[in-house]
Amino acid sequence: MANTIKLIEPAQNEFLAGLEKRSNRANHFFRTMTHRPEVLKNFVPFYGSVMGPGSVDRRTKELVYLTVSYANKCAYCTAAHVASGLKAGVTEDEMRALQAEQDGGFSAPEQAAIEYARELTRTADGAQTRDALEAHYNDEQIVEITLIAALANFTNRFNNGLDLMPEQ
């Protein structure tokens, strides 16, 4: 079933127009969220604060986001994070491994983050994998990894719930 929610056009919302102008492309996620403009205005800086520079390296952030998006079968987020994952040094072979849940080729810290993100996605509880995470990451990093997984689950559910597909 195709998305039945009308996409807001940039001409209808100045904030959306600015976002699309900066990225130089249409963004169905933003155009849909603009139905609640105050949410979009708060979401953008929140997303940036979670996915931007922090205590966890960019590659690990992308591995976590991709893990969640593959687990949730979110075509929209997967498409977006395949591109950003490649920029962060995640290879296509590694992406296929994540999708197939073949985590053995990753470093021990990456493997711990991947397994934690997958468990958190499936059960909303990281109890089984948190000890492995704590062996490799400090408290700040664990909170950041948890925020990334939670954010990915949020965007995955928004996109899947509204049947948003990647832009062509």
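The values are calculated or read from the model by the stated rules, or taken from the named source; none is laboratory data. Computed from a prediction, not measured in an experiment: that's the story for all the values here. Here the Cβ is made from the backbone with ideal geometry for all residues, glycine too, and neighbour counts use every protein chain on show. SASA here: full protein model, heavy atoms, side chains in, ligands and nucleic acids out. Shrake-Rupley method; radii C 1.70, N 1.55, O 1.52, S 1.80 Å.
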(message) Quick check on this structure: which one of GLU119, GLU140 is in contact with a Gly (Cβ under 9 Å, 6 or more places away or on another chain), open to solvent by less than 40 Å² (accessible area, probe 1.4 Å) and of a type in the set (Asp, Glu)?
(response) GLU119
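Taking into account only those residues within the stretch 143-161 that are without any contact (Cβ under 8 Å) to a residue 24 or more places away in the chain and under 13 Å from MET33 (Cα atoms), which is surrounded by the most Cβ atoms within 10 Å (Cβ to Cβ)?
PHE154
Considering only the stretch 19-38, how many residues are part of a helix (DSSP H, G or I) and loosely packed, with under 12 Cβ neighbours inside 10 Å?
Of all residues in the stretch 19-38, those part of a helix (DSSP H, G or I) come to 19-23, 28-33, 37-38.
This time we only want the ones that are loosely packed, with under 12 Cβ neighbours inside 10 Å, so: 21-23, 38.
Number satisfying all stated conditions: 4.
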(request) Answer yes or no: is there a residue in the stretch 117-140 that is assigned to a helix (DSSP H, G or I) and touching a residue at least 60 places away in the same chain (Cβ under 8 Å). (result) yes
(message) Condition check: modelled with pLDDT under 95, open to solvent by less than 40 Å² (accessible area, probe 1.4 Å) and either under 25 Å from PRO53 (Cα atoms) or part of a helix (DSSP H, G or I) (or both). Does GLY104 satisfy that?
(response) no
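If you check ARG58 against the conditions, is it surrounded by fewer than 20 Cβ atoms within 10 Å (Cβ to Cβ), of a type in the set (D, E, K, R), under 25 Å from ARG122 (Cα atoms) and under 15 Å from the mean Cα position of the chain (by Cα)? Explain how you work it out, then say what you get.
On the way: surrounded by fewer than 20 Cβ atoms within 10 Å (Cβ to Cβ): yes; of a type in the set (D, E, K, R): yes; under 25 Å from ARG122 (Cα atoms): yes; under 15 Å from the mean Cα position of the chain (by Cα): yes.
Judged against the criteria, ARG58 is a match.
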(message) Can you pull out every residue in the stretch 2-11 that is surrounded by fewer than 12 Cβ atoms within 10 Å (Cβ to Cβ) and either in a helix (DSSP H, G or I) or among the acidic types (Asp, Glu) (or both)?
(response) ALA11
